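The values are calculated or read from the model by the stated rules, or taken from the named source; none is laboratory data. Keep in mind the model is a prediction, meaning the values are calculated, not measured. Ideal geometry is used to build each Cβ from the backbone, glycine not excepted, and the neighbour counts take in all protein chains shown.
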Amino acid sequence: MKFNKTRNKIIGGIFIFVMVVAFFVMPTGYYLEVPGSAEATSQFVKVDGKHDKKKGDFLLTTVGIVPGSLFTMLKSMGNDFETIYSKEDLMGDENSQEYFRVQQYYMKSATNNAVQAAYSAAGKPFTKKYLGVYVMEVMDNSKFKGKLQIGDTITSINGYKFKNSDQFIKYVKKQKRDSKVKIDFLRDGKKESVTDGLVKLKQTKRYGLGITLTDNTEAKGNPPTKINAGDIGGPSAGLMFTLQVYSQVTNKDLKNGRTIAGTGTIAPDGTVGPIGGIEKKVYAASQEGATVFFAPDDPVTKLIKKYDPTYVNNYHLAKRAAKKIHTKMKIVPVKNLNDALNYLEKTSK
């Protein structure tokens with residue numbers, strides 16, 4: 001009898017231990033988006049081989065993505081600065097490696113756009129080199145599934161080199177449905193090639209490769225600028241990198257000793273676009289001691305309201321977040337690069 005009681009206690013203890021581990025540690029298939037970090041852009045940017053040494057900081061802001069346990073998910077409920085996402089909502093059909101590659105591409109695109117926007121605003125020369133078509137997705141019915149990967153850059157098709165993705169798409173359209181095409185591409189810097197056929201594209205009468213693509217370009221300025229964001233991905237640091245590059249190529253002290261944070265995509269013409277998770281970024285910036293936060297003031301069009309009647313733009317979300325955490329940090333709306341530059345120049349005197 002004593003043996004049975006001891007055994008039952010051990011089994012009961014193991015069961016409780018397993019349940020505790022499951023509650024606190026085991027993955028659920030869900031993720032939490034939480035406030036991330038606020039990082040000085042000067043550490044990632046070199047102009048003419050030099051980092052910015054002027055007092056103050058431009059801060060890019062991030063969100064953190066962490067696997068959700070039952071404990072952390074329950075804990076996050078009611079927290080305005082933590083959001084639960086399913087893996088599908090967060091990554092779509094991509095696995096974690098593919099998701100990371102796409103985020104790295106978005107960052108590369110953002111830094112290229114930052115160079116173009118900053119050098120254009122500064123009146124400095126730059127060049128833009130077309131590298132090829134970047135593969136964003138390979139569809140399940142594509143004959144190139146398993147042969148092309150997300151992150152590959154297609155440099156030619158049947159030996160034909162193109163200057164943009166539109167030329168590439170038009171060339172593919174001209175091919176017969178039973179054509180075999182040879183694709184040359186770069187993967188992790190290595191040249192490779194593959195040959196296969198076309199497939200009927202969903203919801204169209206056309207035949208194609210069955211991939212989603214975008215242009216892969218590289219911008220270089222004079223003096224030369226290098227931006228290395230490390231493991232940080234996504235397009236949302238575009239505005240802050242642009243301000244960093246602009247201040248260095250013009251040698252203007254826009255910071256004036258201040259800690260200035262913000263977020264927003266940047267287009268080559270300087271247009272600032274909306275991003276996700278801005279409430280978490282406001283929180284991260286405030287924690288880091290920023291006194292100014294640039295928030296995209298994206299227009300809320302009738303079309304947006306038609307598809308999402310509850311849509312609130314980034315600037316107003318940022319204002320709400322700042323009010324909730326009682327920060328003295330000033331939220332500044334920006335539609336384009338000039339809005340940010342004008343604000344900094346006026347307030348730095």
Within region 30-49, the residues that are within 16 Å of Phe241 (Cβ to Cβ), in a strand (DSSP E or B) and either out of contact with any strand residue (DSSP E or B) (no Cβ under 6 Å at 6 or more places or on another chain) or polar (S, T, N, Q) (or both) are Ser37
Only one of Ala290, Ala322 is assigned to a helix (DSSP H, G or I), of a type in the set (A, V, I, L, M, F, W, C) and at pLDDT 95 or above, namely Ala322
**Item:** Test result for Lys108, over 30 Å from Lys319 (Cβ atoms), touching a strand residue (DSSP E or B) at 6+ places or on another chain (Cβ under 9 Å), in the same structural domain as Arg258 (by TED's automatic domain parsing) and not β-branched (Val, Ile, Thr)
**Value:** yes
**Message:** Based on this model, can you work out whether Leu186 counts as touching a residue at least 40 places away in the same chain (Cβ under 8 Å) and either exposed (fewer than 15 other Cβ atoms within 10 Å of the Cβ) or over 26 Å from Gln104 (Cα atoms) (or both)?
**Reply:** no
Condition check for Lys176: surrounded by fewer than 20 Cβ atoms within 10 Å (Cβ to Cβ), in a strand (DSSP E or B) and without any contact (Cβ under 8 Å) to a residue 40 or more places away in the chain: no
Quick check: anything in region 275-289 without any contact (Cβ under 8 Å) to a residue 40 or more places away in the chain and over 18 Å from the mean Cα position of the chain (by Cα)? yes
Filtering region 63-105 down to residues that are out of contact with any strand residue (DSSP E or B) (no Cβ under 8 Å at 6 or more places or on another chain), under 30 Å from Asp188 (Cα atoms) and assigned to a helix (DSSP H, G or I) yields Glu88, Asp89, Met91, Ser96, Gln97, Glu98, Tyr99, Phe100, Arg101, Gln103, Gln104
Going through (1) surrounded by 15 or more Cβ atoms within 10 Å (Cβ to Cβ); (2) not in a loop (DSSP other than H, G, I, E, B) one by one, Asn338 fails only at (1)
Scanning region 157-168 residue by residue, those over 27 Å from the mean Cα position of the chain (by Cα) and either within 16 Å of Val194 (Cβ to Cβ) or not assigned by TED's automatic domain parsing to the domain that holds Thr212 (or both) turn out to be Ile157, Asn158, Gly159, Tyr160
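So is Lys55 surrounded by fewer than 18 Cβ atoms within 10 Å (Cβ to Cβ), assigned to a loop (DSSP other than H, G, I, E, B), among the basic types (Lys, Arg) and in the same structural domain as Ile260 (by TED's automatic domain parsing) or not?
Here the answer is yes, as Lys55 does meet what is asked.
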Of the residues in region 185-236, those that are of a type in the set (Gly, Ala, Ser), in a strand (DSSP E or B) and within 28 Å of Asn113 (Cα to Cα) come to Ala219, Gly221
Across region 216-238, the tally of residues that are touching a strand residue (DSSP E or B) at 6+ places or on another chain (Cβ under 9 Å) and surrounded by fewer than 17 Cβ atoms within 10 Å (Cβ to Cβ) stands at 7
